[in-house]
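Report on one structure; see the data block that follows.
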Amino acid sequence: MTDHRTNNVVDLFTGKPIETSENLRFIRLSPELDGLEMLYSNNSSGTDLYSLKILCWGLRANGEIVGLVPWLNSIVACPDIQDPLDGRFEGYYDPGIEEIFHEPPIHKIVELETAAEYFEYESNQADEVVQEIPDTIGTHAVFMDAGKENLTLTEVVSWRLFASGEIHGMLIDHNSVETTPVLPGDDCLYPAQESECFRYFFQHHIANKIKSEDPEALAAIAALVTSP
């Protein structure tokens, strides 16, 4: 099996590999289809833990495999969430058997490494699409107009992995739809993160609260989108 580890630059003092953006970039994704979740805490949660559904598992160029979740205005590797105010990664969670674990499931490791070996392809074009997976957790993108008066929620159809390692949430441009249903890879999709009015990603349970005008949810989103 091909070894995707490229972290061969070592810190002279610690003896540990120095990670660069090149070997931390994602080269392959695998959707999470069994309902596994990420657990996190923050300074205001005390001993309580919160959970988010994992969108997918990602293989980095250095061989590391991590769970990924839509987090604030991007998609983030679960172990990288270490902000004491916004959230701190506490582990992965299988709600079916109520088990907490800290390493990716072995079946996802095998799947990603095997797929990366089979589809191994290097591109010199950073904006070339390497892979696109459907959104399976009901992610919504939140937009705020320039005057900060109107809030819009739009469902994310898919997530597109580029050769640069960036992952963008793809939304429907309804003026460009030619056939339905709209599927991942359709020409009418555009990246949420490239829109000037884009603010955050939310999973469906929060989006539904906003749609139903839940007072607490509206207050929280108002504080987020109007903050500098």
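The values are calculated or read from the model by the stated rules, or taken from the named source; none is laboratory data. Quantities reported herein were computed from a predicted structural model and do not represent experimental measurements. With ideal geometry, Cβ positions are generated from the backbone for all residues, glycine too; neighbour counts draw on all protein chains shown. To get the accessible areas, we keep the full protein, side chains included, count just its heavy atoms, and leave off ligands, DNA and RNA. Shrake-Rupley method; radii C 1.70, N 1.55, O 1.52, S 1.80 Å.
Listed values for the stretch 90-102 are Karplus-derived 3J(HN,Hα) couplings in whole Hz (6.51 cos²θ - 1.76 cosθ + 1.60, θ = phi - 60°), namely 10, x, 9, 9, 9, x, x, 10, 6, 10, 9, 9, 10, and x replaces Gly and Pro. One quarter of the convex hull surface built on the alpha carbon atoms of the stretch 23-86 amounts to 4.7 nm², the projected area averaged over directions. Amide H to amide H distances under 5 Å link SER158 with ASP135, MET170, where only residues 5 or more positions off or on other chains count and H is placed in the peptide plane. Put simply, when 78-86, 29-37, 63-71 are sorted by average Cβ atoms within 10 angstrom per residue, most first, you get 63-71, 29-37, 78-86. Modelled this way, with points 7 Å down the Cα-to-C-beta line, the labels at SER21 and LEU33 are 3.4 nm from one another.
With all protein chains in place and ligands, DNA and RNA left out, the 1.4 Å accessible area ranks LYS53, LYS108 as LYS53, LYS108, largest first. Across all directions, the shadow cast by the convex hull of the stretch 11-120 built on its C-alpha atoms averages 8.6 square nanometres. Under the simplified labelling scheme, the ASN150-VAL129 pair shows an inter-label distance of 2.8 nm, with each label point 7 Å from Cα along Cα→Cβ.
Extension gain for the segment VAL110 to HIS204, taken as residue separation times 0.36 nm less the Cα-Cα distance, is 30.9 nm to one decimal.
Each residue, TYR118 and GLU178, gets one label point 7 Å from its Cα in the Cβ direction; the gap between the two is 3.0 nm.
Placing a label point 7 Å from the Cα of SER45 along the Cα-to-Cβ direction, the residues of the stretch 59-103 whose backbone N falls under 15 Å from that point are 69-72, 78-95, 100-102. Stretched out straight at 0.36 nm per residue, the stretch from GLU194 to THR136 would grow longer than its current Cα-Cα span by 18.7 nm.
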